[in-house]
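Peer 1: I have a structure here, written as structure tokens, and I will follow up with some questions on it.
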Amino acid sequence: MSIKFNQNTQTFYLEGKNISYVFRINEVGFAEHLYFGKTIGEDEISYLRCFGGRSCVPTVPGKDGFFYSHYAPEISFFGTGDYREPTVCVTNDLGDRLCELLYESYEIVPEKPAIKGMPSLKGGETLVLHLLDKITGFGADLYYTVYDDCPVIARRIVYKNNSKKTIRLDRAYSFALSIPKSDFVCLTLEGAWGCERHIQKAPMHKGVVSIDSKRTSSSAVLNPFMALLSPDATEESGEAIGVNLVYSSSFVLKAEGSPDGKTLLLGGINDFDFSWELGAGEEFATPEAVIAYSDNGIGQMSRAFHDAYRKYLINPNFVNKERPIVINNWEGTYFDFDNDKLKSIAKAVEGTGIDTFVLDDGWFGKRNDDSSGLGDWVVNTRKLEGGLKTIIDYVHSLGMKFGLWFEPEMVNEDSDLFRAHPDYAIGVPNRARCYTRHQYMLDLTRQEVRDYIVEAINKVLKENEIDYVKWDYNRNVTESFSLGLSASSQKEFAHRYVLGVYDICERIVGANPHIFFEGCSSGGARFDPAMLYYFPQIWTSDDSDAEERTKIQYGTSMVYPLSTMSCHVSIVPNHQTHRVTDVKTRADIAHLGATGYELDTSDFGDEQRLETKAQVEEFRAMQNLVLSGDLYRIENPFESNFFGFMVVSKDKTRADLTLYRRLTGANNRIKLVFPKGLDETKKYYIPEMDKTLCGSTIMNAGLVPEFELGDFKTVKYHFIEK
Ligand code: GLA
């Protein structure tokens, strides 16, 4: 890892694991991109600067000619002949919307500075490039961080008003990356409730390919991730450039194909319904964008994100530690429970290895269904006699830990909180509010509202012995408006809301370091790196049907490590799809993440108890691979009848392969499967075959899995170095 500046050629060379990033300051002071990709030498490569042809030739005010162009910008801006998407848009007191950001100076800092009020990756040598528009005093600091053990570069921008007057930011993206090609396939993750993060691919074209969220949440609809793939890219070959925003509110990512066959990739906070008044001397920090590069296919891009997040984002106290294996009562009881019911669910799994009982929604306020109680974080003693203590003590007496559900950002109209403070709910005066699931959202842009939430929840966590929290979020903002903001600042709402979320996370998660926090949002509707900073795992989807999960987990793994995906074995017929699959299949698929159980176990007989015990033992045996191994995707359920994930230990001495076949067929024909990621030169014992084979044989000659007849079956292989 190194960041260098060549004074003679005015060129910056950034080197991370297997990647180089090079740009220079040109003759008039524009930061001009030269290269991003596989490691190269520190050569003088200004010959690579591109002029952009006649349709788009940004020049320099007061100068003429191609020579001064800044066609491959590190930051694009409006008004001087660059007609592509600007990275930043401003308006000053005169109504002047130009900003010409030229080089002033740079710093190299050995340790990456944190972003005030927002999560970001830690560590890594960082270059800070100071740019300034001398006419207005508007400035931009561009941050670049590289890592010697991950092929990613983290980027962000801090905008600064060095003038004496207010400047309005109309757009404030986090980065722009100039890429000298455009024949890409654009891969994004789309979805909805119950089918989050499905793979979507479309060819790039001239013009703008864009994904966004306007929900004040990163959302299940489009994840804040985009990858540009070379047209021939597969899991193991071809180029893949992926970008993921460490951000949980409305975002946008764009790839603009320009007339001469190049691409500008950029994005950050969605500028739809956004503006920000930047007073004299003030700064505006944008969220971080993590950009991964792979010249060995999509699989290597995913592993780059996985490594970066496990090393530099997720809480180191939990990331590689044994995860709680929970029994959660939600699908088992929904709102219909009392102490006896909960006790019988917990008692039934005693001795199976399930180590945490999680009490889901319905324990507080007057909550007997989803129409009341949110916001009242006091135990419902009519339902739970003796308060939480009774069930917590019981669970602890079984040697298990105790977890509790909260939905901190919400309020029901039928709640003591709403009756006392109707103004705490987001809404526009004199307009009716939209309900979703009978609930409103609390205005987290306001300090007093955040203080109420923090106090109420920390009180429950302080007064009870709680080991685990599930933090839910079940609707998105409507009527974006805050009574705490002036009329001219209302477009700051979506960003200020999420700063409020991060603030309460700091003050609740941060104040309870002994508690394991799991994220959730109607399943996986807020599954993003910023949430992973607080929650080492997130409930991946409310749909735990094994067949549907193969797609959800496959898509999620594009960016997010297996250790972040919370995956439960639930009852059949499945509550979301009514599909019936074997419990072995359900467990095998749920073991490809942070596994757990979610069903009414109170009627478990000895056979089910033993089966569960065996499943838990199997998971514990593979847990280290799932938490810290390398993932290789073997079969793609979006393109075939099969799904396959292989996890390989970093030292390649162990690996597990899980294969799944959707539908059976008559004449069960042979299917060859090619494992990946092993050491070609090592020999591996495969217990399922009682055979020892060379890594090269296993990966090149393949295996012939024997699926049991019937739909939705799994087969597993273990590889142990001999
Ligand atoms: C959401 C979650 C579920 C459950 C319910 C409770 O839908 O995704 O797992 O916690 O809320 O209301």
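Peer 1: Taking amide H positions as placed in the peptide plane 1.01 Å from N, state which residues far from CYS150 in sequence (5 or more) or on other chains have amide H under 5 Å from it.
Peer 2: Here the answer is LYS17, since their amide H atoms fall under 5 Å of that of CYS150.
Peer 1: Right, next: Report D for the stretch 512-596 in µm² per second (integer): Stokes-Einstein, Kirkwood Rh on Cα pairs, 10 °C, 1.306 mPa s.
Peer 2: After rounding, the answer is 122 µm²/s.
Peer 1: Moving on to the next point. Just to compare against my own numbers: the Cα pair-distance distribution for the stretch 229-348, 10 Å bins, whole % per bin, please.
Peer 2: P(r) over the stretch 229-348, rounded to whole percents: 10, 22, 24, 21, 16, 7, 1, 0.
Peer 1: Test of understanding: ordering VAL395, VAL185, VAL704 by Cβ neighbours within 10 Å, fewest first, what list do you get?
Peer 2: Neighbour counts put them in this order, fewest first: VAL704, VAL185, VAL395.
Peer 1: What are the ³J(HN,Hα) values, in whole Hz, obtained from phi via the Karplus relation 6.51 cos²θ - 1.76 cosθ + 1.60 with θ = phi - 60°, for each residue of the stretch 112-123 in sequence order, with x given for Gly and Pro?
Peer 2: Couplings: 5, x, 6, 9, 5, x, 9, x, 7, 5, 9, x Hz.
Peer 1: For the stretch 395-450 and the stretch 667-722, what is the separation of their Cα centres, given in Å?
Peer 2: When both Cα centres are located, 50 Å separates them.
Peer 1: Still on this structure, I have one more. Set the Förster radius R0 to 25 Å, insert the Cβ-Cβ distance between CYS434 and GLU506 as r into 1/(1 + (r/R0)^6), and round the FRET efficiency to 0.05.
Peer 2: About 0.30, to the nearest 0.05.
Peer 1: Mind computing the radius of gyration and Dmax over the alpha-carbon atoms of the stretch 287-389? Å is fine for both.
Peer 2: For the stretch 287-389, the Cα radius of gyration and maximum Cα-Cα distance read 20.4, 61 Å.
Peer 1: Please give the per residue volume of the convex hull enclosing the alpha carbon atoms of the stretch 334-396, rounded to a whole number of Å³.
Peer 2: Per residue, the Cα convex hull of the stretch 334-396 comes to 80 Å³.
Peer 1: What ranking do ARG97, ARG84 get, fewest neighbouring Cβ atoms within 10 angstrom at the top?
Peer 2: Going from least to most buried by this count: ARG97, ARG84.
Peer 1: Quick check on the stretch 439-480: what does the Kirkwood estimate of hydrodynamic radius come out to from the alpha carbon pairs, in Å?
Peer 2: Value: 12.2 Å, from the Cα pair sum.
Peer 1: Between their Cα atoms, which of LYS347/LYS716; LYS366/LYS459; LYS38/LYS722; LYS683/LYS713; LYS584/LYS682 are more than 26 Å away from each other?
Peer 2: Beyond 26 Å between Cα atoms: LYS347/LYS716; LYS38/LYS722; LYS683/LYS713; LYS584/LYS682.
Peer 1: Non-local amide H neighbours of ASN329 (under 5 Å, H modeled in plane, Pro and chain starts lacking H): which ones?
Peer 2: Those qualifying (amide H under 5 Å, at least 5 residues apart or on another chain) are VAL358, ASP360.
Peer 1: Which residues' amide hydrogens lie under 5 Å from the amide hydrogen of PHE364, considering only partners 5 or more residues apart or on another chain, with H built in the peptide plane?
Peer 2: Counting only residues 5 or more places away or on other chains, the set is ASN380.
Peer 1: Can you tell me the relative contact order of the chain? Whole percent, Cα pairs under 8 Å, sequence separation 6 or more.
Peer 2: Worked out over the chain, it gives 10 percent.
Peer 1: Grab the Cα-Cα distance for ALA420 and LYS682, subtract it from 0.36 nm times how many residues apart they are, and report the gain in nm with one decimal.
Peer 2: 87.5 nm
Peer 1: At each listed q (0.15, 0.18 Å⁻¹), what is the log10 of I(q)/I(0) that the Debye formula gives for the stretch 645-722 modelled as equal alpha-carbon point scatterers?
Peer 2: -0.51, -0.70
Peer 1: Within the stretch 509-604, list the trypsin sites (Lys or Arg not before Pro) lying in a DSSP loop whose Cβ has at most 14 other Cβ atoms in a 10 Å radius.
Peer 2: Hits after loop and neighbour filter: ARG579.
Peer 1: Right, here's the next one. Which percent of Cα-Cα pairs in the stretch 356-449 sits in each 5 Å bin, short to long?
Peer 2: Using 5 Å bins, I get a P(r) of 3, 13, 21, 20, 15, 11, 8, 5, 2, 1, 0 for the stretch 356-449.
Peer 1: Hey, what do the phi angles of the stretch 267-278 turn into as Karplus ³J(HN,Hα) couplings, whole Hz, using 6.51/-1.76/1.60 and θ = phi - 60°, x for Gly and Pro?
Peer 2: My calculation for the stretch 267-278 gives x, x, 4, 5, 7, 5, 6, 10, 7, 9, 7, 9 Hz in order.
Peer 1: How about the stretch 144-241: which GluC sites (Glu not before Pro) there are in a DSSP loop, with at most 12 other Cβ atoms within 10 Å of their Cβ?
Peer 2: When the GluC sites (Glu not before Pro) of the stretch 144-241 are filtered for loop state and at most 12 Cβ neighbours within 10 Å, nothing remains.
Peer 1: If the stretch 176-226 were replaced by its equivalent ellipsoid, with semi-axes equal to the square roots of 5 times the Cα gyration tensor eigenvalues, what would those be, largest first, whole Å?
Peer 2: 23, 13, 8
Peer 1: Based on the alpha carbons, how large is the Rg to Rh ratio for the chain when Rh follows Kirkwood?
Peer 2: Using Cα coordinates only, the ratio equals 0.98.
Peer 1: Apply the Karplus curve 6.51 cos²θ - 1.76 cosθ + 1.60, θ = phi - 60°, to the phi angles in the stretch 394-404 and return the couplings in whole Hz, x for Gly and Pro.
Peer 2: Values per residue, Gly and Pro as x: 5, 4, 5, 5, 7, x, 9, 8, 10, x, 9 Hz.
No value in this document is a laboratory result; all are computed from the given coordinates. Only a predicted model underlies this, so the values are computations on that prediction, with no experimental measurement involved. Quick reminder, even Gly has a Cβ in these numbers, built from the backbone with ideal geometry, and neighbours come from all protein chains shown.
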